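Everything on this sheet refers to the single structure shown next.
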Amino acid sequence: MADDPGALLPLQEALAHDVAQSLFAQQRNLVLEGLIHLFYLEATADLLRSDYVANLDSNIALIPATSAAMVVYYATILHARKLKVAALLDSDSAGDEAAKQAVLIHTLGSKGIIRTKDAYTGSAMRVEIEDLLRNTLVNIAKSEFRWDISAAAAEQPNRQIIEIFKSEIPDFSKYKLAKAYVRWTRGHTSNDLSIAERVQWTTLIEKINASFD
């Protein structure tokens, strides 16, 4: 439940050590923007795999970077070791900047750069990973923390859900929401996601798998 930088530091250091130990252990590596992306991808993939909806290749190592900008460096290092690499980036300003880096395009090619908007079924131009779980996260936030943004989310369907949370909830934490979602998946099935969410995550997983073909 830690959400402040000081409390998260030991977790980040431990994760960095774990990543360093296993960085070159797998032939297939998907570089993510950070811990939150890892939480959402692992938890949702497990949920869909359990119900035989979609199957994220278990041979793909999930490597969390510390930001969208650092994805470029991780991908370059892994590629230099002759390993297969793909990157998952949000469709926001930071993700756009990273995706346009010449070194990333040269290293991974267009097939290896996966954007969250590629799987999104809505019309929003800016899409973060949380937007692929928009309805479920609104419900979890309300039941777990009494963060009720239902009305604001309904009124602003094309605005990033995290931006709505930030504007409506003074003590909002992306980490708390992500961990609450992880806990939620342990007691629910993929049928508890909305139809759009299942479609979006199935599409995302298929794109991730296909990037290594």
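None of the figures in this text is laboratory data; all of them are computed from the coordinates on show. This one's a predicted model, so the numbers in the text were calculated from it and none came from an experiment. Note that we place each Cβ from the backbone using ideal geometry, even for glycine, and neighbour counts take in every protein chain shown.
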- Message: Tally up the residues in region 139-149 that are surrounded by 13 or more Cβ atoms within 10 Å (Cβ to Cβ), free of Cβ contacts under 8 Å to residues at least 24 places away in the same chain and part of a helix (DSSP H, G or I), please.
- Response: 2
- From the set of residues in region 180-201 that are touching a Phe, Trp or Tyr at 6+ places or on another chain (Cβ under 8 Å) and part of a helix (DSSP H, G or I), which is nearest to residue 113 (Cα to Cα)? 200
- Task: Filter region 170-208 for residues that are polar (S, T, N, Q) and more than 14 Å from the chain's Cα centre (by Cα) and give the result.
- Result: 173, 185, 189, 190, 191, 194
- Query: Mind checking whether some residue in region 98-110 is at positive phi, of a type outside the set (Asp, Glu) and without any contact (Cβ under 8 Å) to a residue 60 or more places away in the chain?
  - Reply: yes
- Query: Of the residues that sit in region 89-113 and are closer than 13 Å to residue 207 by Cα and buried (at least 21 other Cβ atoms within 10 Å of the Cβ), which one is farthest from the chain's Cα centre (by Cα)?
  - Reply: 113
- Filter region 160-174 for residues that are touching a Lys or Arg at 6+ places or on another chain (Cβ under 8 Å) and not in a helix (DSSP H, G or I); the one that is nearest to residue 184 (Cα to Cα) is 172
- Applying the selection to region 184-213, what residues are surrounded by fewer than 14 Cβ atoms within 10 Å (Cβ to Cβ), farther than 30 Å from residue 84 by Cα and among the charged types (D, E, K, R)? 186
- Among 177, 132, 204, which is the only one that is part of a helix (DSSP H, G or I) and within 16 Å of residue 92 (Cα to Cα)? 132
- Does residue 162 satisfy the condition of being surrounded by 17 or more Cβ atoms within 10 Å (Cβ to Cβ), of a type in the set (A, V, I, L, M) and within 19 Å of the chain's Cα centre (by Cα)? yes
- Do we have residue 134 as among the basic types (Lys, Arg), buried (at least 21 other Cβ atoms within 10 Å of the Cβ) and under 21 Å from residue 51 (Cα atoms) here? yes
- Query: Counting only residues that are surrounded by 13 or more Cβ atoms within 10 Å (Cβ to Cβ) and in a loop (DSSP other than H, G, I, E, B), how many does region 150-159 have?
  - Reply: 2
- Task: Could you identify the single residue in 88, 132 that is in contact with a helix residue (DSSP H, G or I) (Cβ under 9 Å, 6 or more places away or on another chain), over 21 Å from residue 28 (Cβ atoms), touching a residue at least 60 places away in the same chain (Cβ under 8 Å) and not acidic (Asp, Glu)?
- Result: 132
- Message: For region 47-77, give me the residue count where each residue is assigned to a helix (DSSP H, G or I), surrounded by 15 or more Cβ atoms within 10 Å (Cβ to Cβ), touching a residue at least 60 places away in the same chain (Cβ under 8 Å) and out of contact with any Asp or Glu (no Cβ under 9 Å at 6 or more places or on another chain).
- Response: 1
- Residue within region 110-123 that is assigned to a helix (DSSP H, G or I) and β-branched (Val, Ile, Thr) present: yes
- Note on the structure: Within region 148-174, the residues that are among the acidic types (Asp, Glu) and farther than 15 Å from residue 128 by Cα are 148, 155, 168, 171
